[in-house]
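A.B. asks: Take this structure, written in structure tokens, and hold onto it; I'll ask about it next.
The values are calculated or read from the model by the stated rules, or taken from the named source; none is laboratory data. Values in this document were obtained by computation on a predicted structure and should not be read as measured data. Positions of Cβ are generated from backbone atoms using ideal geometry, with glycine treated the same way; all protein chains shown enter the neighbour counts. Heads up: the accessible areas ignore ligands, DNA and RNA and are worked out on the full protein's heavy atoms, side chains in. Shrake-Rupley method; radii C 1.70, N 1.55, O 1.52, S 1.80 Å.
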Amino acid sequence: MNNNGIDMQDDEIDLLELLHHFVRKWWLFLIGGAVGGVVFFLVTFFLITPLYESSATIYILSKTTSITAALDMTTGEKLAEDFQIIATSNPVLDGAAEQIKKDNGKEITREQMKKIVTVSDDATRLLVITATSDNPETSALVANAVAQQTSEKMAEITKTDAPTTVERAEVAAKPVTPNVLKDTGIGVIVGVGVIGLILLVNFLMNDRIISEADIEKYLGIPALAVLPDKDPCETDKRRKSRA
């Protein structure tokens, strides 16, 4: 029993009534979605720095590698693991920084490279060196320089020819992040979800008796009479006009 003496025996949520509650407030969902989409769009477009990605690919088995080793998948996997470590080692990154400064006059430190360079070997014998930064030209320069220095370092260590470059990194035309359209869509969903949550809480917390159905539901007694919902002033005006 609540503070007003009303016995709330039915604690279950009436889904149909809740649905009607949502439908009556459809315009709030529309506003919430629009506001959420606009906010996410503005944040994505103006506050998040676009990042550009470029990748260079090298084939880890050189032409002087033995046929037996080339046919051995396990050897290829082990070589790929070695390449990953070598590609991000200090000598390779330092060599890449020197190469970029010599060829392009641009200074990039080892620590900066460590933050933007990633190496993967998903294709077993192919090593993909990726650089991601806020400058598309920088990403391409770093990826190519690190790939070249990795090949030269691996040739020096294994005493074989340098691995073959399958694909050089190109300057990216579009950023990989953020995705304005996707983030705007997420904003619309979040806005609608927030409005739905607020309406749900409002629905659950509202125990006021509004209609005759609520009287029968919460008090367990039938409604004997219902007063019309009219403005008394308006009624008086009508009576005077008729007189």
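A.B. asks: Could you give every pair whose Cβ atoms fall below 7 Å, whose first residue belongs to the range 79-98 and is within 16 Å of residue 144 (Cβ to Cβ) and open to solvent by 10 Å² or more (accessible area, probe 1.4 Å), and whose second residue is at pLDDT 90 or above and of a type in the set (Val, Ile, Thr), counting only separations of at least 6 or pairs across chains?
C.D. replies: 88/117; 88/119; 97/108; 97/109
A.B. asks: Does any residue in the range 33-49 that is under 16 Å from residue 176 (Cα atoms) come within less than 6 Å, Cβ to Cβ, of a residue that is assigned to a loop (DSSP other than H, G, I, E, B) and open to solvent by 60 Å² or more (accessible area, probe 1.4 Å) six or more places away or on a different chain, and which pairs are these?
C.D. replies: 49/134
A.B. asks: If you check every pair at least six apart or on different chains, which have Cβ atoms under 6 Å apart with a residue in the range 109-120 that is closer than 10 Å to residue 92 by Cβ first and a residue that is among the charged types (D, E, K, R) and open to solvent by less than 70 Å² (accessible area, probe 1.4 Å) second?
C.D. replies: Correct list of pairs: 110/94.
A.B. asks: Can you tell me which of 18, 30 is under 36 Å from the mean Cα position of the chain (by Cα), surrounded by 11 or more Cβ atoms within 10 Å (Cβ to Cβ) and at pLDDT below 90?
C.D. replies: Only one candidate qualifies: 18.
A.B. asks: Next question. When the residues of the range 145-175 are narrowed to those that are open to solvent by less than 40 Å² (accessible area, probe 1.4 Å) and of a type outside the set (A, V, I, L, M), which ends up modelled with the lowest pLDDT?
C.D. replies: For the range 145-175, the residue satisfying everything is 163.
A.B. asks: For the range 124-144, how many residues meet the condition of being among the aliphatic types (A, V, I, L, M), open to solvent by 30 Å² or more (accessible area, probe 1.4 Å) and under 26 Å from the mean Cα position of the chain (by Cα)?
C.D. replies: Qualifying residue count for the region: 1.
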